[in-house]
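Reviewing the structure listed below.
The values are calculated or read from the model by the stated rules, or taken from the named source; none is laboratory data. If you're wondering where the values come from, they're calculated on a predicted model, not measured in any experiment. Cβ sites come from the backbone with ideal geometry, for glycine too, and all protein chains shown count toward neighbours. Ligands, DNA and RNA are stripped out before the accessible areas are found, and what is left, the full protein with its side chains, is counted by its heavy atoms. Shrake-Rupley method; radii C 1.70, N 1.55, O 1.52, S 1.80 Å.
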Amino acid sequence: MENSDDKNEILEIIDNLKPIFKLIQNNNKFLFYILSIVFFSWYLNPIIKESRIKNICAFNIARISQTESPSARGIEYEKLANKLGLANGGYRDVSRFCQFYKSSEESY
């Protein structure tokens with residue numbers, strides 16, 4: 001008897017999904033364009049992340065280099081290191097990070 005109950009539940013699920021299947025069948029091109037945009041955005045995400053970090057580095061290092069006192073530069077480099085997620089970073093750590101940053105997880 002359980003077997004017929006399971007079949008009825010499966011048939012109910014399929015009946016509930018019929019409008020979705022019809023929507024997919026009627027709007028096939030539209031869904032293809034939507035999925036294309038979603039996958040292209042997913043593909044570009046690491047490139048956008050890398051460019052965002054590079055812009056943060058470039059703007060802040062240019063701004064810091066215009067300050068006159070060395071102690072203020074040191075403080076600004078420490079703030080930039082904290083912003084980039086470096087623990088107790090200074091000029092060397094920030095410059096290395098900004099020069100060699102890559103968003104990919106692969107090690108070469």
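Label positions at F30 and Q66, each projected 7 Å from the Cα along the C-beta direction, are separated by 5.0 nm. Please give every one of the lysines within straight-line cross-link reach of K18, meaning a C-alpha to C-alpha distance under 26 Å, and leave out same-chain neighbours fewer than 8 residues apart. Cα-Cα hits under 26 Å: K7, K29. Over region 1-61, the Kirkwood radius and the radius of gyration, each from Cα atoms, give a ratio Rg/Rh of 1.43. Expressed as a whole percent, the accessible surface of the chain that belongs to carbon and sulfur atoms is 59, based on a 1.4 Å probe. In this simple spin-label approximation, S51 and N82 carry label points 7 Å from Cα along the Cα→Cβ vector, and these lie 3.0 nm apart. Rounded to the nearest 500, the 222 nm mean residue ellipticity of the chain from helices alone is -28500 deg cm²/dmol, with -39,500 (n - 2.57) taken per DSSP H run of at least 4 residues. Measuring r between the beta carbons of I14 and S41 and using R0 = 35 Å, the FRET efficiency lands at 0.65. Kirkwood hydrodynamic radius of the chain, from the reciprocal of the average inverse Cα-Cα distance over all distinct pairs: 18.9 Å. Two tests apply to each whole DSSP H helix in the chain, Cα reach of 24 Å or more along its axis and mean Kyte-Doolittle hydropathy of at least -0.5, and the ones passing both are 28-65.
The value of relative contact order for the chain, using C-alpha pairs under 8 Å at least six residues apart, is 21 percent.
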